[in-house]
Each structure stands twice: as C-alpha cells, then as structure tokens.
Amino acid sequence: MSDTTRWLLPNGIDELLPEQASRVEHCRRRLLDICTGWGYEYVVPPLVEFTDSLLVGLGADLDELTCKFADRETGKTLAVRADITPQVARIDAHSLGREGVTRLSYAGSTLKSVANSIPADRSPVQLGAEIFGSADIEADTEVVNLLLSLVTQNGLSGVTFDIGHVAFCDLVLDTTTLSPDQREEVLSLLARKASSELERLVMTLPQVDERERVRLLASMHGGRDILSLARQGFADVPGVDSLMDELEAVLACCDRYADVNIYIDLTEAHGYRYHSGVVFALYAKELGAPIAKGGRYDGVGEAFGRSRPATGFAIDLKAWSVLAEMPVSGGSYVASPAVDCSELLVQEADLRRTGAIVIKSLGDIIDPRCSQQLVRIEGKWLLKPVEKK
C-alpha cells in the first residue's frame, strides 16, 4: 500500500478541518441555546448501545443502516447509533419516566453502515429537539415553529419546507384490493417518483377504478391546493379530512416565515418507518439531501416499557453549517512571547477576557494570523503591530 493511499478515509466518512469544524461548533452551540430558550432540556445519549435496546421496535430500514459488532465483555451485539431519536425516546420512557410533557434536545455524531444520501455522508452530526407526552397537534406545530425559527435566526435562505402525512397513502390503499406486496411496491414507487414504473404496475390492476385511484394518489404533491384536491378526490376515504385538518394546522404556523417555500407531498414519508403522523423535511437548493427532517412517531417508547406520543425533528448539522450565516469575528489575534513572566500572564488573561485570541510565539515564531504582539517596553507589556515581512 502506497503512502498516498494508506491514509484514505472510508467512503462517506470525513474529517472536519478548522474552518468547517468551527462552523459546525458555532451552529451546534447557537441551535442548542435557542432550544434551551424554548424549554428543551439537553441530554447526551451514548454513542454505542446493545442492539436489543437500540433497535427494538424500529423499522428494518434503520436496522440496515446500523453498524454492529460483538461486545468482548458480554458476547452480546453492540451497535453504533445511526439515529439518535430512538435513544432520546428511551431516555424519556425509561431513564426519566416523567409524567406529562417532556421536552429534550441533543447533539452528537452518528454512523451509518452505508451512505443513504447524496452527497454520501455516513457520519452525520445530528442535532434535534423532541416533545414527549402530547398527542395534540399543537405539539407538532411547536416543533415546526422551532425548526423554522432556527432557520430564520441562522440566516438560512431559499429553503423549502416539505410536509406530508405517513397515514395518507395507507388510508387510500386500504380502500383497494391490492395485495401486501403490491402495496409495498406502490409505496416504494411513489416515494421515488418513478412514474413510468408505477404506470406499468397500474396497468396490471384488474379494476379500472383502482387504476384511477392509484394514479390520483400519485399526483398528490405540489402547492397548498393539494390539500383541497385530496379532500375532493378522496372524499369517500374515512379519515382523510382529519389528516388534512392536521396538515392545515401545521401549515398555518408557516405563514409567518415569508422566506420559506412550502411544498406538500402526500406520497412520501420523509423519515424512518417508525414515524406515524405528520412528517416533514427541510431542503436547501444548494444541497440534494434534506438538512432537517422530522415528524410524529407515537408509540416508539412502548418498546422501553412506556408508550408515549412524541414529535420532533433532527438536523444534519454539517449540512446546516454550510448554509448558516457566521458572525464576523470581532476578536483580534495577538502574539505573545513564550517567556515565564507573571505580569505577561495577567496581560494575556485581560486580553482574552476582552475577546482577543492570544497565541504564544513558540520558538520566537509569530503565528501568521496575528496582527498585534505584546512587547515589553520600559518594564510594561504593550501592544504593538506585527511587522509583516
């Protein structure tokens, strides 16, 4: 193996160099501080858990994304989290065990066995906020309000809020005679917007009215008029009106965010298979994959001994940081000689308290970022400009 290939990272695994790492960390702190202001308590779930607690009760899609290995102490199978949301659900249901409403926030690294997004990223840094204990649509509205508030306060522009409901397709397909395999294929084709493949499948259906129903279902994405079209086109489907009411309630809170585009997609679930109600995703025109996604996932806590209604969102922090506005650094860079002097240490501490970045000049080499330096003149340490060579 050559020296140039020995240090290659696996596909989809990256390292954050100073500039990008600084952006990610700034966003992490800023977003968590805002969540704290909304009443969300910060928790830190473990990076690794036993698979029987990390994956219990969840969909096969998340299981397939999870990296697993044997625990040498117990012989049981351990897994590195691919998604933090189920861990936070466990903390709410089991570790905290509170009654009433609990709001939790978190941030941390995840790992996926394969890349499931473009561009490929198998090690996203995930930040999220979750509400447990409320089945009211007001809880869904709150998390959407919080997410869009984070968008505006971080200076993101040109974003699209994509919303749907995981129960809609099931309600419609329940009124057909499609087999379970046909249903799964229809849902997969709808999610991929594979219209030609879907039409070929539709032509194999024996009943004309079911063909038209699936075709109409496939058209249920676009602007806000989709909600009224769904009410009209599926007026005979029990429960559709209730779902549209939920979506309209959530969309009403989006009106105050004028810079956010709205897209309604009733044919796709944006999260993992554990979602159970309103689901949403946030897209930026510069990136192909969503920068945030979330929705309702009632019942996940049941696997941990206590079923709780829940809703929330997760942000891809690395993607988010690319788009977020960064503050203009007001601090100056100051070089300080590497000498043992108590007066110098006091002066350095005073400068750092004012926001200056003080860097020791090891080997008398001044860091190139420094525009000023501390110089001893007549027994006092004073700031002088760095003479550029």
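The values are calculated or read from the model by the stated rules, or taken from the named source; none is laboratory data. A quick note: this is a predicted structure, and the numbers were derived from the prediction, not measured. A quick note on method: Cβ atoms are made from the backbone with ideal geometry, for glycine too, and the neighbour counts reach across all protein chains shown. Surface areas here come from the heavy atoms of the whole protein model, side chains and all, with no ligands, DNA or RNA. Shrake-Rupley method; radii C 1.70, N 1.55, O 1.52, S 1.80 Å.
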*Can you work out which of the residues in the stretch 4-38 that are open to solvent by 90 Å² or more (accessible area, probe 1.4 Å) and closer than 22 Å to Ala82 by Cβ is farthest from the chain's Cα centre (by Cα)?*
Asn11
*Flag for Ala89 being part of a strand (DSSP E or B) and either closer than 21 Å to Ala310 by Cβ or under 25 Å from the mean Cα position of the chain (by Cα) (or both)*: no
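Which members of the stretch 253-288 meet the condition of being of a type in the set (A, V, I, L, M, F, W, C) and either in a loop (DSSP other than H, G, I, E, B) or without any contact (Cβ under 8 Å) to a residue 24 or more places away in the chain (or both)?
Ala258, Val260, Leu266, Ala269, Leu287
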*When you look at Ile131, is it among the aliphatic types (A, V, I, L, M), surrounded by 19 or more Cβ atoms within 10 Å (Cβ to Cβ) and out of contact with any helix residue (DSSP H, G or I) (no Cβ under 6 Å at 6 or more places or on another chain), yes or no?*
no
*Members of the stretch 349-389 that are open to solvent by 70 Å² or more (accessible area, probe 1.4 Å) and either among the polar types (S, T, N, Q) or in contact with a Phe, Trp or Tyr (Cβ under 6 Å, 6 or more places away or on another chain) (or both)*: Thr354, Arg369
*How do the pairs read when you match residues in the stretch 345-366 that are free of Cβ contacts under 8 Å to residues at least 60 places away in the same chain with residues anywhere that are assigned to a helix (DSSP H, G or I) and open to solvent by less than 70 Å² (accessible area, probe 1.4 Å), using Cβ under 7 Å and keeping only pairs 6 or more apart or on different chains?*
Val358/Glu348; Val358/Leu351
*Filtering the stretch 39-87 down to residues that are within 24 Å of Asp121 (Cα to Cα) and among the basic types (Lys, Arg), which residue is most open to solvent (accessible area, probe 1.4 Å)?*
Lys68
*Among the residues of the stretch 284-327, how many are buried (at least 20 other Cβ atoms within 10 Å of the Cβ) and either under 16 Å from Leu62 (Cβ atoms) or not hydrophobic (A, V, I, L, M, F, W, C) (or both)?*
19
